[in-house]
Amino acid sequence: MSDQPSSDKKVIPIAVAAGEAAVPESPTGAMIRTLGLVSAICGLIIVGAYQGTYDAVAANKRIATERAVFKVLPKAKSIEEFVAQAGGGIARVGAGDTAIAAGAVKFFAAYDDAGKLAGIAAEGVGKGYADNVRIMFGYQPDCQCVVGIGVVAMRETPGIGDKIITDREFLANFTALDVKLKADLSALANEVKVVKRGSKTDPWQIDAIAGATITSRAVGKAINDSAQALLPRLVPKLDTLATKS
């Protein structure tokens with residue numbers, strides 16, 4: 001058998017590239033780039049929508065707050081927004097301002113047609129069954145008592161939790177709820193407490209709504225916590241709010 005290559009055998013040439021062959025892009029890399037682009041576009045849309053609706057949302061929130069103030073203080077014809085500062089001072093803030101110093105408590109001074117103080121309104125927050133319950137309550141300095149409540153925001157169960165704004169017996173708790181201060185004005189003389197319906201014995205107690213005890217307690221805690229923070233700072237300065245500035 002001959003060692004010489006046969007003339008009839010085909011020789012297949014192998015091409016040698018001048019440089020390295022290009023590595024094809026992996027599907028993962030393309031997917032990451034696509035997702036990044038989609039995320040960037042979605043981010044721009046969200047930011048644009050937020051900026052476009054911010055003023056409207058702020059205006060609606062301000063309107064809802066003002067309505068709540070007028071509801072809890074029916075004699076009010078105009079309101080001014082203040083903060084009770086941590087150091088004890090009272091400062092007026094511009095309408096709609098939300099940024100306040102740490103430790104300060106926001107409240108509203110309401111005035112009648114003659115520009116005389118008709119009451120004080122303040123917000124409070126308590127944990128309800130589904131979410132936080134934000135309420136507005138009216139305070140009358142003459143009786144040192146809460147004279148009305150209104151809901152600013154809540155997500156309680158319809159027909160149960162929302163009875164805090166429809167149940168007449170529950171609302172009767174807030175015709176003259178005692179929030180007097182101690183003699184040294186350091187805190188409430190008595191903590192506002194929610195009790196089982198029908199067991200109220202003291203003017204600082206709140207009869208709960210049967211079947212909606214958690215929401216009732218949220219209202220009581222909201223008033224108690226807000227009054228404890230606000231009134232010791234506010235009461236000594238009430239003379240400065242006696243007439244509209």
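Structure summary
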{"quantity": "Where labels lie 7 Å past Cα in the beta-carbon direction, separation of Ser199 and Arg92 in nm", "calculated": "4.7 nm"}
{"quantity": "Peptides ranked, highest mean first, by Cβ atoms within 10 Å: ranges 118-125, 202-209", "calculated": "118-125, 202-209"}
{"quantity": "Sites Ala183 and Thr157, calculated FRET efficiency, Cβ-Cβ separation with R0 45 Å, nearest 0.05", "calculated": "0.60"}
{"quantity": "FRET efficiency, 1/(1 + (r/R0)^6) with R0 30 Å, evaluated for Asp142 and Ala102 via beta carbons", "calculated": "0.40"}
{"quantity": "Separation in nanometres of the label points that stand 7 Å from Cα toward Cβ, at Ala130 and Ala64", "calculated": "1.3 nm"}
{"quantity": "Other-chain or far-sequence residues with amide H under 5 Å of Trp204's (modelled H)", "calculated": "Asp178"}
{"quantity": "Distance violations [Cα-Cα > 20 Å] among Lys163/Lys196; Lys200/Lys221; Lys75/Lys237; Lys106/Lys196; Lys106/Lys182; Lys116/Lys182", "calculated": "Lys75/Lys237; Lys106/Lys196; Lys106/Lys182; Lys116/Lys182"}
{"quantity": "Cα gyration tensor category, rounded, prolate or oblate, for segment 74-241 with a/c compared to 1.5", "calculated": "prolate"}
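Every number in this text was worked out from the coordinates using simple rules, so none of it is lab data. Model, not experiment: these values are computed from the prediction. Note: ideal-geometry Cβ built from the backbone for every residue, glycine included; neighbour counts use all protein chains shown.
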